[in-house]
1. Which helices, taking whole DSSP H runs in the chain, have alpha carbons extending 27 angstrom or more along the helix axis plus mean Kyte-Doolittle at least 1.6?
2. Which pairs in the list K97/K178; K100/K178; K104/K195; K83/K178 are over 20 Å apart, alpha-carbon to alpha-carbon?
3. For the range 61-120 and the range 150-164, compute the distance between their C-alpha centroids and round to whole Å.
4. Name the GluC sites (Glu not before Pro) in the range 1-79 that are in a loop by DSSP and that have at most 13 other C-beta atoms within 10 Å, would you?
5. Quick check on packing: order 174-184, 106-116 by the mean number of other C-beta atoms within 10 Å, highest mean leading.
6. For the chain, count the residues as N, evaluate 2.2 N^0.38 Å, and divide the Cα radius of gyration by that value, please.
7. Please work out the Cα convex hull volume for the range 1-87 and give it in Å³ per residue.
8. Along the principal axes of its C-alpha atoms, what lengths does the range 156-199 span, in descending order and rounded to whole Å?
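Any read-out appearing in this document is the output of simple, stated calculations on the displayed coordinates, not a laboratory observation. Source: prediction; values computed, not measured. No Cβ is skipped: glycine too gets one built from the backbone with ideal geometry, and neighbour counts run over all protein chains shown.
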Amino acid sequence: MWYFFDAGGPLMYLLLACSVLTLAYTIERSIHFFRAGRSADVPEAVHDLIEKEQIDGALRLSQASSGPVAAVLTAGLLHAGEKKESIEEEVTLTGNKEIKRLSKNLHLIELISRVAPLIGLLGTVLGMVNAFQQFSYANSSVDPSMLAGGIWEALLTTAAGLGVAIPSMVVHHLLEEKVQSFTFLMQYYGSEAIKHLGK
């Protein structure tokens with residue numbers, strides 16, 4: 001394995017760094033989403049309390065819970081009895097903050113998924129240039145196997161770039177879906193809270 005890595009050239013180290021960053025950000029986001037979803041049943045319970053006009057109990061429950069949906073409900077409950085426009089502003093502001101927190105580092109994973117194939121292609125082009133340069137220096141003692149060997153080594157970076165990009169793209173898609181799921185829940189429960197809490 002090390003032979004193939006070393007044969008790919010210096011850009012293989014950059015691709016390795018990209019893969020490490022993708023793994024680190026994936027683990028970090030997965031842990032964050034796990035913590036954010038631990039109190040999945042709380043929003044519905046808070047919503048039921050709001051409908052029963054048990055505002056104090058709903059506020060205590062939402063404040064004691066973690067997660068973006070609970071944060072949005074807390075923002076609305078803290079302004080219960082005010083005008084709907086005022087509550088909606090607070091809920092929207094809190095929701096936007098939570099979405100920003102949920103989306104943290106996702107753009108970096110997306111960037112890696114787009115840049116990694118280009119890095120691999122650059123490595124292949126540089127490798128091909130080097131292979132043909134060696135081929136031209138050979139003059140009369142041209143050995144086709146020498147050119148073939150240079151080409152397959154050059155193609156290693158393209159393969160490595162795709163190997164980093166494809167998982168990064170899949171991970172980004174899955175994490176983005178999770179953000180959209182939380183966003184929907186925040187919008188739904190936030191809107192329902194505004195209906196019952198505003199004047």
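1. Numbers: long enough: 11-36 (37 Å, 1.16); 106-137 (47 Å, 1.12); 144-197 (79 Å, 0.56).
Once both thresholds are applied, nothing remains.
2. Values: K97/K178 16 Å; K100/K178 13 Å; K104/K195 31 Å; K83/K178 32 Å.
Over 20 Å Cα-Cα: K104/K195; K83/K178.
3. Cα centres, the range 61-120 to the range 150-164: 39 Å.
4. E53
5. Values: 174-184: 15.7, 106-116: 18.3.
Put in order of decreasing packing, that is 106-116, 174-184.
6. 1.61
7. 123
8. Computed over the range 156-199, the largest-to-smallest principal extents equal 65, 10, 6 Å.
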